[in-house]
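Read the structure below first, then the notes.
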Ligand code: SF4
């Protein structure tokens, strides 16, 4: 009798990537800007705030301070006045100010295309550094935000791991590097529309419901 082939995590990952590609052909970041320094600012503001709100707030910020130098010269208080509606106004304003000063003083106002250098910028963590590497520089990137972490656990690509860095490390083993950035953007779309956090996920109309671990386990 022919032995049934095991459905590996790697194969499940590749299948999920392909299906999400069909479902969401455009895999864009939900933060509007593509300019590196603006994206750095936007992603800092997006902590505990919606991307939609950030996209509105940064319009004022960038109109008033149209470059790295201008923003580096602004006082923390003046930045805070504008970014306050995003929440955590003071710490975000302080990080943005320090980050712009470092870009001005050490990188001639350019954002470095190096993960370790990005990580040394004030207020920049792995998530932001990966986002910049993928979206701005087209390099391999895995952005483990809240949607990514929830979904890959439900899919069964990781098992009960919530720590963003640990999830990222697991995904590097499964996701082809050139697919990582777009895959994570698609997880955001899927997490918002179908595999939602606050409601029961809409498994009945999900394109992954025959290969998702959460559904398969229920059927056992
Ligand atoms: S089948 Fe359900 S749990 Fe699995 S990805 Fe789809 S919506 Fe989420």
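The values are calculated or read from the model by the stated rules, or taken from the named source; none is laboratory data. These figures come from a predicted structure and were not determined experimentally. Cβ: placed from backbone, ideal geometry, glycine included. Neighbour counts: every protein chain shown.
Looking across the range 104-116, the residues that are in a helix (DSSP H, G or I) and surrounded by 15 or more Cβ atoms within 10 Å (Cβ to Cβ) come down to 104, 115.
Is it the case, given these coordinates, that residue 173 is in contact with a helix residue (DSSP H, G or I) (Cβ under 9 Å, 6 or more places away or on another chain), surrounded by fewer than 21 Cβ atoms within 10 Å (Cβ to Cβ), in a helix (DSSP H, G or I) and not assigned by TED's automatic domain parsing to the domain that holds residue 202? Steps first, please.
Values: in contact with a helix residue (DSSP H, G or I) (Cβ under 9 Å, 6 or more places away or on another chain): yes; surrounded by fewer than 21 Cβ atoms within 10 Å (Cβ to Cβ): yes; in a helix (DSSP H, G or I): yes; not assigned by TED's automatic domain parsing to the domain that holds residue 202: no.
No: the conditions fail for residue 173.
Considering 181, 128, which residue is closer than 21 Å to residue 41 by Cα, assigned by TED's automatic domain parsing to the domain that holds residue 41 and either within 11 Å of the ligand (Cβ to nearest atom) or in a helix (DSSP H, G or I) (or both)? Steps first, please.
Working: 181 fails: assigned by TED's automatic domain parsing to the domain that holds residue 41.
Among 181, 128, only 128 is closer than 21 Å to residue 41 by Cα, assigned by TED's automatic domain parsing to the domain that holds residue 41 and either within 11 Å of the ligand (Cβ to nearest atom) or in a helix (DSSP H, G or I) (or both).
Applying the condition of being closer than 17 Å to residue 8 by Cβ and part of a helix (DSSP H, G or I) to the range 147-157 and asking which residue is farthest from the ligand (Cβ to nearest atom) yields 152. Residues that are farther than 14 Å from residue 46 by Cβ and either free of Cβ contacts under 8 Å to residues at least 60 places away in the same chain or out of contact with any helix residue (DSSP H, G or I) (no Cβ under 6 Å at 6 or more places or on another chain) (or both) were ranked within the range 131-143; the one that is nearest to the ligand (Cβ to nearest atom) is 142. Of the residues making up the range 44-57, those that are at pLDDT 95 or above and crowded, with 20+ Cβ neighbours inside 10 Å are 44, 45, 54. With respect to the conditions (1) in contact (Cβ under 8 Å) with a residue 24 or more places away in the chain; (2) within 16 Å of the ligand (Cβ to nearest atom); (3) surrounded by fewer than 19 Cβ atoms within 10 Å (Cβ to Cβ), residue 160 falls short on a single one, namely (1). Taking the criterion of being in a loop (DSSP other than H, G, I, E, B) and either outside the structural domain of residue 123 (by TED's automatic domain parsing) or closer than 21 Å to residue 146 by Cβ (or both), the residues of the range 48-103 that qualify are 48, 49, 50, 87, 88.
Only residues that are within 15 Å of the ligand (Cβ to nearest atom) and buried (at least 19 other Cβ atoms within 10 Å of the Cβ): list them for the range 185-198, please. 186, 187, 188, 190, 191, 195 - these are the residues of the range 185-198 that are within 15 Å of the ligand (Cβ to nearest atom) and buried (at least 19 other Cβ atoms within 10 Å of the Cβ). Among the residues here, residue 201 qualifies as within 8 Å of the ligand (Cβ to nearest atom) and farther than 19 Å from residue 18 by Cα.
Only one of the numbered conditions (1) within 14 Å of the chain's Cα centre (by Cα); (2) surrounded by fewer than 17 Cβ atoms within 10 Å (Cβ to Cβ); (3) modelled with pLDDT of 95 or more is not met by residue 146, and that is (3).
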